[in-house]
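A short write-up of the structure that comes next.
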Amino acid sequence: MPLTKSLEKMLELPLFQGMSKTDMNKVLAHTPLGFENYSNGKTIVEEGSECAYLYFLLRGNITAISKAYDNSYRITETLSAPDILQPECLFGFTQRFTKSFVADGPCQMVRISKREIVNLSDEYQIFRINILNMVSTQSQRVSRLLWRTPPKDIRSKIIHFVGSRCIHPAGEKILYVKMEDLGHLLSESRLNISRELNKMAEEKVIDLTRGVIHFHALEQLI
């Protein structure tokens with residue numbers, strides 16, 4: 001079976017990097033793959049749903065939505081192909097998605113069941129190593145966050161608050177939160193938070209409307 005453009009995209013995904021086209025053709029011949037196309041605004045995965053499959057974004061963009069437990073704020077971020085949706089949720093203590101994912105324009109996904117992921121890991125060493133690398137990297141990233149010097153000024157606190165809650169600490173992010181709630185979360189007064197956000201808006205590094213803070217490219221502020 002020849003590789004199509006979509007399947008070429010799969011070779012760019014972290015789990016398949018290093019695999020030869022011959023091995024990839026074997027995977028395609030023997031592994032059930034669920035290719036699906038989503039229109040703009042269509043929900044791909046709901047927060048709290050069981051993670052029984054790995055979802056791979058092959059084409060287009062999707063929006064990841066994260067919510068606080070008490071619903072006091074939420075953060076959205078844009079993910080671009082190629083990408084994988086929360087592979088760390090496939091195994092472990094809680095095997096459920098912690099975010100919702102919605103199509104941001106037309107996009108193409110492929111999903112592989114947990115059983116097939118285990119089979120691929122058994123058969124292909126490079127696939128197994130890629131999984132270990134991915135999970136280890138995620139664990140190390142979280143561990144390092146605890147040892148970084150805490151942000152001291154208000155702007156740094158805001159940026160750290162958003163970046164530490166996102167999948168990728170770069171790109172477009174939107175924080176939906178009341179000024180008073182954000183001040184409480186950052187141990188700052190509402191007035192000081194408001195002053196800093198308005199200053200950032202004047203510098204055109206964010207767009208600010210009532211209850212919405214739009215970061216165009218978070219990496220430019222870190």
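Annotations for the structure displayed:
- The range 27-48 residues that are farther than 13 Å from Ala64 by Cα, paired with ones that are in a helix (DSSP H, G or I) and among the charged types (D, E, K, R) (beta carbon under 6 Å, 6 or more apart): Thr31/Glu116
- Those residues of the range 125-167 which are more than 18 Å from Ile206 (Cβ to Cβ) and under 16 Å from the mean Cα position of the chain (by Cα), in sequence order: Met134, Val135, Thr137, Gln138, Ser139, Arg141, Val142, Ile167
- Residue in the range 121-135 that is in contact (Cβ under 8 Å) with a residue 40 or more places away in the chain, hydroxyl-bearing (Ser, Thr, Tyr) and within 30 Å of Leu186 (Cβ to Cβ) present: no
- Unique match (being open to solvent by 40 Å² or more (accessible area, probe 1.4 Å), of a type in the set (A, V, I, L, M, F, W, C) and under 26 Å from Asn61 (Cβ atoms)) among Leu191, Leu208, Leu185: Leu208
- Residues that are open to solvent by 70 Å² or more (accessible area, probe 1.4 Å) and of a type in the set (A, V, I, L, M, F, W, C) number at least 1 in the following strands (runs of 3 or more DSSP E) confined to the range 25-101: 34-38.
- Residue in the range 136-150 that is open to solvent by less than 40 Å² (accessible area, probe 1.4 Å) and part of a loop (DSSP other than H, G, I, E, B) present: no
- Leu221 meets each of the listed conditions (1) farther than 13 Å from Ile75 by Cα; (2) in contact (Cβ under 8 Å) with a residue 12 or more places away in the chain; (3) surrounded by fewer than 16 Cβ atoms within 10 Å (Cβ to Cβ); (4) not small (Gly, Ala, Ser) apart from (3).
The values are calculated or read from the model by the stated rules, or taken from the named source; none is laboratory data. The structure presented is a predicted model; accordingly, all values stated were derived computationally and were not measured. Note that each Cβ is placed from the backbone with ideal geometry, even for glycine, and that neighbours are counted across all protein chains shown. The accessibility values were calculated without ligands, DNA or RNA, using every heavy atom of the protein model including side chains. Shrake-Rupley method; radii C 1.70, N 1.55, O 1.52, S 1.80 Å.
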